[in-house]
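Right, I'll just put the structure down here and ask away after.
Coordinate-derived values only; no laboratory data. All figures in this text were calculated on a predicted structure; none of them were measured in a lab. A quick note on method: Cβ atoms are made from the backbone with ideal geometry, for glycine too, and the neighbour counts reach across all protein chains shown.
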Amino acid sequence: MQIQLTAAAKRFNKEWIFSQLNFSFSTGHHYALIGNNGSGKSTLLQIIAGYIGLTKGEINWLTADGQTIDSTKIYQQISNASPYLELVEELTALEQIDFHQQFKAIQPGLKPIEILEKIGLHKAADKQIRNFSSGMKQRLKLALAIFDQAPILLLDEPCSNLDQEGIQTYHHLMQNYAMHKLVIVASNDTQEYHFCDQQLSLSDFKNDSVF
C-alpha cells in the first residue's frame, strides 16, 4: 500500500501547522514522525487515518496495484493507538476485544485470552476497564492496534504511561506482529521508533509565509 501527500497543508484558525508537505509512505517501510511540540505529528496521523481533512493539498491512499481507496473506506485498512482514542470503560478486557472484532479482524490464530496473556493482562481479563491503571489501558490499546489485520498501523506516542516492562512488551509485539505492516509512529522518543528506517521531521514544514 502507499499513502501519498501532495502539497499538504493544515491550518487551525490562523496558524499553519505545516505546509507544502510532499511525501509518500509505502508498505515495506516503517516511519517516524518527529518534530517540535506543535509541529503537527498527531495532526498528520489523524489526517492519514481519515479523521480530519487537509486545509490545502491532497492525500491519496493506494492499494498495492495502484488503485485509489475511497477516503470513506480507509478506516478498514488502518489500525490506530492514540491518546485521543478511548476504550469502552464499562467493558471488561475480554469484552473490549470481542467488541473490537465486530468491526475489525484480529490476526489469525489468536484468541482474545491469548492476546491478554501476551500483554500481561490475562489476570485482569474479567475486570472492567474503568478499574485499569493508565498503563494497563495503554497495553490494551496497543494490543488492539497491533494484533489487528489492517495493513497500516498508526501509533501516537505508543509508550505513554508504560513502565519498563510495558515498554519491553511493546518492543516484543512490534517485532513479532507488526513488521510486515506499513507503520507510522509519531514521537520524539527514540525507544518508541527505534525500528523505523525513515524519519519525517514536520518542523521542516513550518512556514507561515508560504500562503
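Taking percent of Cα pairs over 28 Å apart straight from the coordinates, which label in (1) 20; (2) 33; (3) 29 is the correct one?
(3)
Quickly estimate the mean residue ellipticity at 222 nm for the chain, helices only: each DSSP H run with n ≥ 4 gives -39500 (n - 2.57), and the total goes over all residues, rounded to 500.
Computed ellipticity for the chain at 222 nm equals -7500 deg cm²/dmol.
If you rank Met179, Met136, Met174 by fewest surrounding Cβ atoms within 10 Å, what's the result?
Fewest-to-most ranking of Met179, Met136, Met174: Met179, Met136, Met174.
Right, here's the next one. Taking the dipole about the Cα centre of the range 5-124, with the C-beta of Lys and Arg at +1 and of Asp and Glu at -1, give me whichever of Phe25, Gly50, Thr72 is farthest to the positive side.
Selected residue: Phe25.
Here's a follow-up. Please order Val185, Val88 by the number of other Cβ within 10 Å, starting at the fewest.
Val88, Val185
Still on this model: Where does the longest stretch of the chain lie that holds no GluC sites (Glu not before Pro) found in a DSSP loop with 11 or fewer other Cβ atoms within 10 Å? Walk me through the numbers on the way to the answer.
On the way: sites that count: Glu86, Glu90.
Between the exposed loop sites, the longest stretch runs 91-211.
On a full-extension model of 0.36 nm per residue, what is the gain between Thr6 and Ile167, subtracting their alpha-carbon distance, rounded to one decimal in nm?
Separation in residues times 0.36 nm, less the Cα-Cα distance, equals 54.5 nm.
Could you check what % of the DSSP bridge pairs in the chain are antiparallel, to the nearest 5?
50
Measure nothing but the geometry: give the 0 to 90° angle between the long axis through the Cα atoms of 164-177 and the longest principal axis through the Cα atoms of the chain, rounded to 10°.
80
Continuing with the same structure: Can you work out the FRET efficiency for the pair Lys73 and Arg130, with r the C-beta to C-beta distance and R0 = 41 Å, to the nearest 0.05?
Numbers: r = 32 Å, r/R0 = 0.79.
The formula returns an efficiency of 0.80 here.
Taking amide H atoms as placed 1.01 Å from N in the peptide plane, list the residues 5 or more away in sequence, or in a different chain, whose amide H sits under 5 Å from that of Ser201.
Correct list: Ile34.
Quick check for the range 70-178: number of Lys pairs with alpha-carbon distance under 27 Å, counting only pairs 8 or more apart or on different chains?
Eligible lysine pairs with Cα atoms under 27 Å apart amount to 19.
Most exposed first by the Cβ proxy, i.e. fewest other Cβ within 10 Å, how do Leu110, Leu21 rank?
Ranked by crowding around the Cβ, least crowded first: Leu110, Leu21.
Pick from Phe18, Phe99, Phe195: which is most flexible by mean-square fluctuation in a GNM of the chain where alpha carbon atoms under 10 Å apart are linked?
Answer for the Gaussian network model of the chain: Phe99.
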